[in-house]
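Heads up: the structure comes next, in structure tokens.
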Amino acid sequence: MHDTFTVEIPKLFSTELYRKILIAKDGVTIGAAQNESPVSIPKDELIAFRYGLKGISGYAFTIGCHYFIEIKTLQQKSIVIKFSSYYRFRKRIYRKAWVDIVNKLWNYHFSNHYLDHYYRHKNGGSFEFCGMTFKEGGISWDNKNILPYAQIGLGNYVNYFMVYNKQNKSQQKSYTFAHDWNALALQSLLKTLVKEYQSTGNETTSDTNP
């Protein structure tokens, strides 16, 4: 892993720079638009992130796409990186920038959230993560009964994933990467624990990253 990864985002209708994102082991710096100061976030203040894209609807068809990545800091501040493509202009460049930022944020910083909770579980700890309670024998949410790891089913899709009881699919909970903080870390934790506790793989799989 390189010490610093840089993503440069040009303006929509100009070769001028709109944003410059630096993702390093010691934190993240978001280069600002004109007349704004850059924002730097030390690694110890990066507590959560979420990401998504949304089509822009025209009169009769989709005319573009909004891309966003949102970072939450230790002080509960939300810092948003967003940009939009219209009529396919900059679509390839913006899509690549969005994917690169999400993947590097995960690789450099937020995969640690998954690993920290994984080792807490392996050491016998009980804890809550993203609204889900983890215990030695299984998980629970919304004050429902514990769902044993052997009975957990996972449906993994591009924009969201679902956790459900394989014996009673009405017992289910879904997480969306665009709305739920650290949903990617939670998904990774569940996939790892389910794989370890069950002899077969997940019932439904797809790419973890966008």
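The values are calculated or read from the model by the stated rules, or taken from the named source; none is laboratory data. Every value quoted in this text rests on a predicted model; they were computed, and no experiment measured them. Quick reminder, even Gly has a Cβ in these numbers, built from the backbone with ideal geometry, and neighbours come from all protein chains shown. Protein only, heavy atoms only, side chains kept; ligands, DNA and RNA dropped before computing areas. Shrake-Rupley method; radii C 1.70, N 1.55, O 1.52, S 1.80 Å.
Some notes on this structure:
- Using the Cβ of Ala178 as centre and a radius below 11 Å, the other residues enclosed give a net charge of 0, where K and R count +1 and D and E count -1.
- Expressed in units of 2.2 N^0.38 Å, where N is the residue count, the Cα radius of gyration of the stretch 32-115 is 1.25.
- Calculated FRET value between Asp26 and Gln76, using beta carbons and R₀ = 30 Å, to 0.05: 0.90
- Once the mean of 1/r is taken over each pair of separate Cα atoms and inverted, the stretch 70-164 shows a Kirkwood hydrodynamic radius of 16.5 Å.
- Working note: Debye formula, equal point scatterers on the alpha-carbon atoms of the chain, no solvent; log10 I(q)/I(0) at q = 0.15 Å⁻¹ is -1.00.
- Pairs of alpha carbons in the stretch 119-179 whose separation is greater than 19 Å (percent): 32 percent
- Annotation for the stretch 11-59: GluC sites (Glu not before Pro) lying in DSSP loop with at most 11 further Cβ atoms inside 10 Å of their Cβ are Glu16, Glu36.
- In sequence order, the stretch 113-129 has phi-based couplings of 5, 5, 5, 4, 6, 4, 6, 4, 5, 5, 8, x, x, 9, 7, 10, 9 Hz under the Karplus curve 6.51 cos²θ - 1.76 cosθ + 1.60, θ = phi - 60°, and Gly or Pro positions carry x.
- Each Lys and Arg Cβ is given +1 and each Asp and Glu Cβ -1; about its Cα centre, the chain then shows a dipole of about 580 debye.
- Most to least accessible of Trp141, Trp181, Trp106 (protein chains only, probe 1.4 Å): Trp181, Trp106, Trp141
- What the chain shows is 56 Å² of accessible area per residue, with the surface traced by a 1.4 Å probe over protein heavy atoms.
- With every protein chain in place, the chain: carbon and sulfur % of accessible area (1.4 Å): 47 percent
- Leading residue at positive end of dipole, the stretch 96-198 (Cβ point charges), from Asn112, Thr133, Val163: Val163
- Positive-end residue, the chain charge dipole about Cα centroid, Cβ charges, pick of Thr15, His121, Thr176: Thr15
- Ordered by solvent-accessible area of protein heavy atoms (1.4 Å probe), largest first, the residues His117, His66 come out as His66, His117.
- Estimated 222 nm signal from helices in the chain, with DSSP H stretches of n ≥ 4 weighted -39500 (n - 2.57), rounded to 500: -6500 deg cm²/dmol
- For Ser14, neighbours were defined as the other residues whose beta-carbon sits under 15 Å from its Cβ, and their charges (Lys and Arg +1, Asp and Glu -1) total +2.
- The stretch between Asn112 and Lys96 holds 3.4 nm of extra length on full extension. This uses 0.36 nm per residue minus the Cα-Cα distance.
- Inter-label distance, Phe61 to Phe13: 2.1 nm, where each label sits 7 Å from its Cα along the C-beta direction.
- Cβ-placed point charges (K, R +1; D, E -1), dipole of the stretch 105-175 about Cα centre in debye, nearest 20: 200 debye
- Summing +1 for each Lys or Arg and -1 for each Asp or Glu among the other residues whose beta-carbon sits under 15 angstrom from that of Asp3 gives +2.
- Loop sites here are trypsin sites (Lys or Arg not before Pro) outside DSSP states H, G, I, E and B with no more than 15 other Cβ atoms within 10 Å. The longest part of the chain free of them is 26-76.
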